[in-house]
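Report on one structure; see the data block that follows.
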Amino acid sequence: MQQHFSLADCDVMGFDLDHTLCRYHLPQSARLIYDSFAQYLVTEKGYDKDLLTLAPDNLDFCCKGLVLDIEEGNFLKLAEDGTVLRASHGTKSMTSEEIMETYGRREWKHFSTVSGMVSRSAKYYLYDNYFDLPGALLCARVVDTLDQHDGQKKYDFWKDMVAAIQHNYKISAFKEDCGMYFPEVKNNPDKYLQRCPESVKKWLKQLKSAGKILLLITSSHSDYCRLLCEHILGNDFEEYFDIVITNALKPGFFSHTPNQRPFRTLENDEEQEALLSLDKPGWYSQGNAIQLYELLKKMTGKLDPKVVYFGDSMHSDIFPARHYSNWETVFILEELLGDKVMVPAETETEPLEKKGKYEEDQPKTPYFISKQWGSFFVDRLPGLENAEETLVCTWSCRCISTYSTIAIPSLEAIADLPLDYRFTRFSSNSSATAGYYPSPPRALLPNEESVTMK
């Protein structure tokens with residue numbers, strides 16, 4: 001495979017919506033998501049009322065790439081070979097001794113299935129996007145309260161958590177004003193949504209005038225998609241795209257066959273009967289990548305049109321688009337922004353009265369490096385006996401270089417580049433940092449360890 005990647009070589013550009021084209025104000029949306037799940041657990045399922053209060057620094061717990069070991073109530077940060085690097089029981093960090101006692105010095109027992117990206121099961125759950133993360137904090141606090149009251153050894157809260165997610169995000173929730181999430185975003189879109197930068201809107205138009213086919217493929221339902229797009233792009237948002245696919249139910253969109261997941265048309269946001277084939281551009285619901293690709297062949301007049309897909313979720317976007325459809329993939333990773341804004345050590349020791357009120361009251365932006373979990377990209381593995389600790393890549397970091405063509409912090413980061421700009425792609429023979437644009441995370445650069453690792 002060639003070492004460089006250029007958008008000019010692609011015939012089709014596909015975009016995810018949430019946290020890709022539509023960026024959120026993360027502290028506000030994290031708080032809303034947390035509250036919407038917590039409210040349900042407390043009012044509908046009788047959980048401890050303390051779950052409803054959140055201290056500003058609680059969100060530090062949220063870190064992408066964590067795996068919840070559901071039965072044990074433990075959260076794990078894994079190395080690329082599945083070794084447990086850090087862990088917490090509920091919100092409480094486990095010591096090296098406790099990790100050794102529970103997991104030994106070997107890979108976590110479910111690693112072989114999770115590393116094939118079968119990342120959800122009755123036994124574990126992988127947190128890999130900003131819609132999920134506040135749920136990790138809530139689950140951790142649930143474990144804390146259950147320990148306090150019952151001293152439980154095995155945990156049974158997961159079904160209630162799933163019910164809370166379904167209650168807030170189900171397809172009819174937007175229309176029915178049900179749950180806490182959709183009504184709140186509807187009433188205060190500016191509080192939660194960032195408008196699309198002019199540079200990105202201009203870039204989308206340039207792609208289209210260069211003859212590229214533009215797709216929007218989102219698992220959000222059509223009514224929520226319309227609210228987001230009108231707010232961030234304007235009422236003419238449909239003009240940016242040739243094909244819009246909502247309720248795509250990723251990753252199944254990529255892995256399912258046409259008869260398992262047919263396309264449907266929409267009328268007033270209600271799904272109509274299944275289509276036998278996809279014949280023309282337009283707005284559709286559900287569907288599958290196989291029939292979409294057949295339409296793209298027709299639209300481009302090519303036997304093998306080249307597609308690139310931009311998304312923020314390894315589980316729903318990047319892995320399946322690469323693995324099942326063999327598309328090029330651009331991973332949107334806001335953690336690349338957090339890597340730049342390291343808090344200098346001296347500011348942390350300032351007395352509170354010297355800190356601005358805003359700073360003290362606001363939860364930290366989730367893409368700042370979590371104090372509890374450390375870098376998203378690397379971590380230290382303690383040595384055996386008296387051996388020195390080694391610096392190892394996390395499993396999340398390994399997935400990025402394995403399944404992404406390139407990784408960028410936002411669409412804005414590339415919107416001003418010429419269309420034929422040549423990116424260095426991730427590949428097995430290039431360095432581990434090759435595919436990051438505009439620059440690799442500092443944690444991955446030699447001699448910078450002391451800066452980024454606590």
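The values are calculated or read from the model by the stated rules, or taken from the named source; none is laboratory data. It should be emphasised that the depicted structure is a prediction, and the values quoted were computed from it without experimental measurement. Note: ideal-geometry Cβ built from the backbone for every residue, glycine included; neighbour counts use all protein chains shown. We work out accessible area using only protein heavy atoms, side chains counted, and drop any ligands, DNA or RNA first. Shrake-Rupley method; radii C 1.70, N 1.55, O 1.52, S 1.80 Å.
Taking Lys280, is it basic (Lys, Arg) and in contact (Cβ under 8 Å) with a residue 60 or more places away in the chain? No: the conditions fail for Lys280. Of the set (1) in a loop (DSSP other than H, G, I, E, B); (2) open to solvent by 50 Å² or more (accessible area, probe 1.4 Å), all apply to Pro305 but (2). Please specify each residue of segment 282-326 satisfying the condition of being touching a Lys or Arg at 6+ places or on another chain (Cβ under 8 Å) and aromatic (Phe, Trp, Tyr). Tyr284 - this is the single residue of segment 282-326 that is touching a Lys or Arg at 6+ places or on another chain (Cβ under 8 Å) and aromatic (Phe, Trp, Tyr). Using the structure shown, decide if Tyr155 is closer than 21 Å to Ser316 by Cβ and hydroxyl-bearing (Ser, Thr, Tyr). Answer is no for this residue. Once segment 245-273 is narrowed to residues that are open to solvent by less than 50 Å² (accessible area, probe 1.4 Å) and hydrophobic (A, V, I, L, M, F, W, C), the residue that is farthest from the chain's Cα centre (by Cα) is Leu266. For segment 285-302, filtered to residues that are assigned to a helix (DSSP H, G or I) and charged (D, E, K, R), the residue that is least open to solvent (accessible area, probe 1.4 Å) is Lys297.
Kindly provide the set of residues from segment 319-355 that are at pLDDT below 90 and in contact with a helix residue (DSSP H, G or I) (Cβ under 6 Å, 6 or more places away or on another chain), ordered by number. Correct list: Asp339 only. Taking segment 308-328 as the range and being part of a helix (DSSP H, G or I) and surrounded by fewer than 22 Cβ atoms within 10 Å (Cβ to Cβ) as the test, the residues that pass are His315, Arg322, His323. Considering segment 1-119, the qualifying helices (runs of 4 or more DSSP H), each wholly inside and each with 2 or more residues that are at pLDDT 95 or above and open to solvent by 40 Å² or more (accessible area, probe 1.4 Å), run over 26-45. All conditions in (1) more than 20 Å from Leu21 (Cα to Cα); (2) small (Gly, Ala, Ser); (3) open to solvent by 10 Å² or more (accessible area, probe 1.4 Å) hold for Gly282, with the sole exception of (1). Here Asp223 meets the list (1) open to solvent by 10 Å² or more (accessible area, probe 1.4 Å); (2) over 30 Å from Leu126 (Cβ atoms); (3) not polar (S, T, N, Q) almost entirely, failing just condition (2).
Hey, does segment 174-194 have a residue that's hydrophobic (A, V, I, L, M, F, W, C) and closer than 24 Å to Leu66 by Cα? No, segment 174-194 has no match at all. Contact list please: Cβ distance under 6 Å, first residue in segment 217-242 and β-branched (Val, Ile, Thr), second residue surrounded by fewer than 19 Cβ atoms within 10 Å (Cβ to Cβ), pairs at least six apart or on different chains. Cβ pairs passing all conditions: Ile232/Arg195.
The rows are residues; the columns are (1) at pLDDT 95 or above; (2) assigned to a loop (DSSP other than H, G, I, E, B); (3) not assigned by the TED database to the domain that holds Phe331; (4) not charged (D, E, K, R).
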{"position": "Glu388", "(1), (2), (3), (4)": "no, yes, yes, no"}
{"position": "Cys393", "(1), (2), (3), (4)": "no, no, yes, yes"}
{"position": "Ala407", "(1), (2), (3), (4)": "yes, no, yes, yes"}
{"position": "Leu417", "(1), (2), (3), (4)": "yes, yes, yes, yes"}
{"position": "Ser427", "(1), (2), (3), (4)": "no, yes, yes, yes"}
{"position": "Ser430", "(1), (2), (3), (4)": "no, yes, yes, yes"}
{"position": "Pro446", "(1), (2), (3), (4)": "no, yes, yes, yes"}
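Selection within segment 434-444: residues that are open to solvent by less than 30 Å² (accessible area, probe 1.4 Å) and in a loop (DSSP other than H, G, I, E, B). The member of this set that is modelled with the highest pLDDT is Gly435. Determine whether Leu146 is among the hydrophobic types (A, V, I, L, M, F, W, C) and either closer than 16 Å to Asp81 by Cα or open to solvent by less than 10 Å² (accessible area, probe 1.4 Å) (or both). Spelling it out, it is not the case that Leu146 is among the hydrophobic types (A, V, I, L, M, F, W, C) and either closer than 16 Å to Asp81 by Cα or open to solvent by less than 10 Å² (accessible area, probe 1.4 Å) (or both).
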